[in-house]
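Some notes on the structure that comes next.
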Amino acid sequence: MSAEVSGGFEGLLKERHSCRAFLPRQVDKATITRILEIAQRTPSWCNSQPWQVVITRGAATERFRSAIVEYAAARKPEPDFAFPREYRGVYLERRRECGFQLYESVGIARGDREASARQGMENYRLFGAPHAMIVTTDEALGVYGVLDCGAWVNNFMLAARSLGIASIAQAALGAHPKFLRSYFGLPEARLVVCGMSFGYEDAAHPVNRFRTSRAAVDGVVTWVDE
């Protein structure tokens, strides 16, 4: 049994990818609820379960899509949690590799800043997804709340994949927290960790055909035997 479970879990990890083109088909509420029920088993610091989410459906998604596109097009990001100060060494290499794969998949030439900016705005168009999610934490929990929410986001995406639903976690979608708190009526004490778009994948779209690489185990672990 354990081998089967392990194989199934590994398969989900290999199947899951950041989907950047969705079909307009809605995910029924029962399926979304089931994904949430599975993700709710995520472990957290002192079992605090700090994640609170807003999920849009139907016409609400379309209103939000239009609103966030208009807002983000005219303003710079001001996230609750600062973006990385810089990417160095291997982290920069991996970031570039991912970016080059993305741009190549949609025919954007290297150095074409205008086209890359247009592609970046697809984040706010939710990549055509029928559902958006905003993930928040309690400000008093600090970094531990963020870590717990990150674990929950990962488990939500894996649970979604297990039920045939594609997703993409988005720092960009959560990069305008003042707007999000106002738009959704969130308390000031709820800090925005990230956003997510999810739905059924458009498998025919070229942007969904590339896969990012992963470092070998020896590149991320230091063994201490004595």
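Every number in this text was worked out from the coordinates using simple rules, so none of it is lab data. Treat the numbers as computed from the prediction; the structure is a model and nothing was measured. For neighbour counting, all protein chains shown are included, and Cβ atoms are generated from backbone atoms with ideal geometry for every residue, glycine included.
Among TRP45, TRP152, TRP223, sorting on how many other beta-carbon atoms sit within 10 Å of each Cβ, with the fewest leading, yields TRP223, TRP45, TRP152.
Electrostatic bookkeeping for GLY142 treats Lys and Arg as +1 and Asp and Glu as -1; over the other residues with beta carbon under 12 Å from its beta carbon, the sum is -4.
Can you sort VAL221, VAL192 by how many other beta carbons sit within 10 Å, fewest first? Intermediate results must be reported in sequence, preceding the final value.
Details: VAL221 9, VAL192 26.
Lowest to highest Cβ neighbour count: VAL221, VAL192.
Charge tally around ARG25: other residues with Cβ under 11 Å, Lys/Arg +1 each, Asp/Glu -1 each, net -3. Kirkwood analysis of the Cα pair distances in the stretch 43-109 returns a hydrodynamic radius of 16.3 Å.
Normalising by residue count, the stretch 1-85 has a Cα convex hull of 205 Å³ per residue. Packing order of peptides 62-68, 109-115, 75-81, 159-165, highest average first: 159-165, 62-68, 75-81, 109-115 (average count of other Cβ atoms within 10 Å over each peptide's residues). Simple rule: put +1 on each Lys or Arg Cβ and -1 on each Asp or Glu Cβ in the stretch 60-168, find the dipole, and look at ALA115, SER66, LEU126; the Cα lying farthest toward the positive end is ALA115.
Annotation: peptides 11-21, 133-143, ranked by per-residue average of other Cβ atoms within 10 Å with the highest first, follow the order 133-143, 11-21. If only the Cβ of Lys and Arg carry +1 and only the Cβ of Asp and Glu carry -1, the dipole of the chain around its Cα centre is close to 720 debye.
Give me the compactness ratio for the stretch 113-207, meaning the Cα radius of gyration over 2.2 N^0.38 Å.
Values: Rg = 14.4 Å, N = 95, 2.2 N^0.38 = 12.4 Å.
Rg over 2.2 N^0.38 Å, computed on Cα atoms: 1.16.
Sorted largest first, the principal axis extents computed over the alpha-carbon atoms of the stretch 178-226 equal 53, 42, 15 Å. With q set to 0.09, 0.12 Å⁻¹, the log10 of I(q)/I(0) for the chain, from the Debye formula over equal scatterers at the Cα positions, is -0.40, -0.73.
Order of TYR124, TYR91, TYR71 from fewest to most other C-beta atoms within 10 Å? Kindly include the intermediate steps, with their values, before the conclusion.
Numbers: TYR124 25, TYR91 11, TYR71 16.
Fewest-to-most ranking of TYR124, TYR91, TYR71: TYR91, TYR71, TYR124.
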